[in-house]
């Protein structure tokens with residue numbers, strides 16, 4: 001196979017390969033992987049130690065990309081269609097955990113053990129990860145909407161009791177909420193895992209990284225609200241990514257609002273399911289009011305790895321919250337969420353596809369709203385004037401032809417201003 005390098009990419013020319021044909025290419029490589037100095041946000045390998053000084057090694061590469069540690073086609077739009085197989089050899093005093101199911105454990109003659117993990121579903125390259133440490137496995141199962149779901153918890157040996165006392169009930173509450181709102185967990189065939197990590201967390205598919213200290217709230221975040229402290233936000237947010245981000249993946253990272261906006265809104269849905277709508281509203285306001293800036297559009301340029309920045313989390317969340325108000329029918333809104341998760345299950349999509357489907361199910365032309373809040377940085381200004389007994393109103397600072405119904409707080413009367 002001939003190959004040449006352009007920048008950081010290697011291009012392979014495969015001779016006589018027909019469209020849709022399958023072939024196998026063996027690539028041998030070695031080296032020292034990049035170290036992460038601020039995991040998981042700075043991608044790379046994390047060389048850590050547990051509280052007893054034993055090796056604790058993890059990998060996380062979101063944004064940076066999986067090519068930090070193995071050769072792959074580095075693009076969100078192209079996932080391994082039939083999953084992956086990951087073989088990890090470690091000293092026999094340690095355990096290696098990765099995505100999917102453990103298919104084989106081989107004891108070698110060199111004082112090492114090889115763990116072979118396999119994933120059957122399509123998977124993001126950046127969602128592939130491994131964890132090495134003094135792990136102990138606690139096997140459980142959850143009776144979900146598709147039957148028994150294997151739920152395994154891999155924690156450091158001295159935290160084993162935290163599984164039954166904390167992790168299991170929190171995970172099962174979360175799965176119940178999301179199977180209600182989004183439909184069945186999308187990876188029953190690959191099981192569900194929580195793996196303890198030295199960093200806060202990451203949505204590694206079917207092997208979610210968890211480092212929130214077995215407590216409510218959110219590690220490394222200050223000024224938490226009352227409702228922040230009524231849930232383990234790391235579990236809720238990262239589990240939500242199994243639907244939005246892992247099962248449904250955007251073709252281009254500039255549509256990242258789908259991943260992070262829906263995962264953020266899922267936190268609000270969790271609070272609502274557990275504590276009611278009033279609590280969810282208070283949680284939403286505490287998390288979002290005066291915490292976003294409209295400096296760039298959420299969707300920017302395609303094809304050049306340009307994201308909407310850190311505000312995709314909260315601005316995406318606020319948009320979905322607003323769409324639910326506009327739809328004004330919780331049953332229809334839930335149907336939209338479940339239909340999106342079903343139709344786009346295990347697929348890569350563009351934002352436009354989701355926008356079109358959302359509009360179709362709601363029966364409302366939401367495209368002007370999507371265009372305004374996703375593709376423009378300006379937020380419409382609601383202007384009004386009272387002339388005698390007549391109230392006149394309109395939207396300013398908006399795209400031509402923009403219109404959006406709004407509901408008043410006190411009387412809950414609907415207004416239909418336009419530009």
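Just to confirm the number: angle between the C-alpha axis of helix 351-362 and the first principal axis of the chain, 0 to 90 degrees, nearest 10?
Between the helix axis and the principal axis of the chain, the angle is about 50 degrees.
How would you rank 326, 253, 304, going from fewest to most other Cβ atoms within 10 Å of each one's own Cβ?
Numbers: 326 17, 253 21, 304 9.
Fewest to most other Cβ atoms nearby, the residues stand as 304, 326, 253.
For the pair residue 48 and residue 17, how long in nm is the line joining their label points, each one 7 Å along Cα→Cβ?
Output for this residue pair reads 3.7 nm.
So for segment 328-411, Kirkwood radius off the Cα pairs, Stokes-Einstein at 4 °C and 1.567 mPa s: how many µm² s⁻¹?
Details: Rh = 15.2 Å.
Approximately 85 µm²/s, per Stokes-Einstein.
Would you mind ranking 302, 29, 142, 126 so that the residue whose beta carbon has the fewest other beta carbons within 10 Å leads the list?
29, 302, 142, 126
Using 0.36 nm per residue of separation minus the Cα-Cα distance, give me the extension gain between residue 114 and residue 63 in nm, one decimal. Intermediate values should be presented prior to the final figure.
Working: separation 51, 0.36 × 51 = 18.36 nm, distance 2.87 nm.
Stretched out fully, the residue 114 to residue 63 stretch lengthens by 15.5 nm.
Quick check: the distance between the Cα centres of segment 136-156 and segment 84-103, to the nearest angstrom?
Using only Cα atoms, the two centres lie 18 Å from each other.
Express in nm, to one decimal, how much length is gained between residue 229 and residue 413 on full extension, taking 0.36 nm for each residue of separation and deducting their alpha carbon distance. Intermediate values should be presented prior to the final figure.
Working: separation 184, 0.36 × 184 = 66.24 nm, distance 3.38 nm.
Additional length available on full extension: 62.9 nm.
Classify segment 156-294 as rounded, prolate or oblate, taking a ≥ b ≥ c as the square roots of the eigenvalues of its Cα gyration tensor: rounded when a/c is under 1.5, otherwise prolate if a/b is larger than b/c and oblate if not. Please report the intermediate quantities before stating the final value.
Details: a/c = 1.43, a/b = 1.11, b/c = 1.28.
Cα axes put segment 156-294 in the rounded bin.
Put one equal scatterer on each alpha carbon of the chain, apply the Debye formula with no solvent term, and list log10 I(q)/I(0) at q = 0.07, 0.08, 0.10 1/Å to two decimals.
Log-scaled intensity ratios, in q order: -0.37, -0.48, -0.74.
How tilted is helix 168-182 with respect to the longest principal axis of the chain? Cα atoms for both, answer in degrees (0 to 90, nearest 10).
50 degrees
How far apart, in nm, are two points set 7 Å out from the Cα along the Cα-to-Cβ line at residue 325 and at residue 399?
2.0 nm
Considering the chain as a Gaussian network with a 10 Å cut-off on Cα pairs, which listed residue, 19, 163, 113, attains the greatest mean-square fluctuation?
19
With r as the distance between the Cβ atoms of residue 141 and residue 78 and R0 = 35 Å, compute the FRET efficiency 1/(1 + (r/R0)^6) and round to 0.05.
Numbers: r = 33 Å, r/R0 = 0.95.
Plugging the Cβ-Cβ distance into 1/(1 + (r/R0)^6) gives 0.60.
Pull out the extension gain between residue 390 and residue 5, defined as 0.36 nm times the separation in residues minus the alpha carbon to alpha carbon distance; nm, one decimal. Walk me through the numbers on the way to the answer.
Numbers: separation 385, 0.36 × 385 = 138.60 nm, distance 6.91 nm.
The span from residue 390 to residue 5 would gain 131.7 nm if fully extended.
How would you classify segment 378-418 from its alpha-carbon gyration tensor, with a ≥ b ≥ c the square roots of the eigenvalues: rounded for a/c under 1.5, else prolate if a/b is greater than b/c, otherwise oblate? List each step's numbers first, then the result.
Numbers: a/c = 2.24, a/b = 1.40, b/c = 1.60.
Taking the square roots of the gyration eigenvalues as a ≥ b ≥ c, segment 378-418 is oblate.
Roughly how many nanometres apart are two label points built 7 Å out from the Cα toward the Cβ at residue 180 and residue 104?
4.4 nm
Roughly what angle does helix 312-327 make with the longest principal axis of the chain, taking Cα atoms, 0 to 90 degrees, to the nearest 10?
It is inclined by approximately 50 degrees.
Based on the mean of other Cβ atoms within 10 Å per residue, sort peptides 368-377, 44-53, 314-323, 30-39 so the most packed one is first. Before the final figure, lay out each step's value.
Working: 368-377: 19.2, 44-53: 14.1, 314-323: 20.7, 30-39: 11.7.
Put in order of decreasing packing, that is 314-323, 368-377, 44-53, 30-39.
Starting from the Cα gyration tensor of segment 247-365, take the square roots of the eigenvalues, sort them a ≥ b ≥ c, and report rounded, prolate or oblate (rounded when a/c is under 1.5, otherwise prolate if a/b is larger than b/c, else oblate).
Details: a/c = 1.84, a/b = 1.17, b/c = 1.57.
Oblate, since a/c reaches 1.5 and b/c is not below a/b.
Whole angstrom only: what separates the Cα centroid of segment 196-263 from the Cα centroid of segment 278-305?
15 Å
Each reported figure results from applying straightforward, stated rules to the coordinates on display, with no laboratory input. Since this is a predicted model, take the numbers as computed values, not measurements. As a convention, Cβ positions derive from the backbone with ideal geometry for all residues, glycine included, and neighbour counts pool all protein chains shown.
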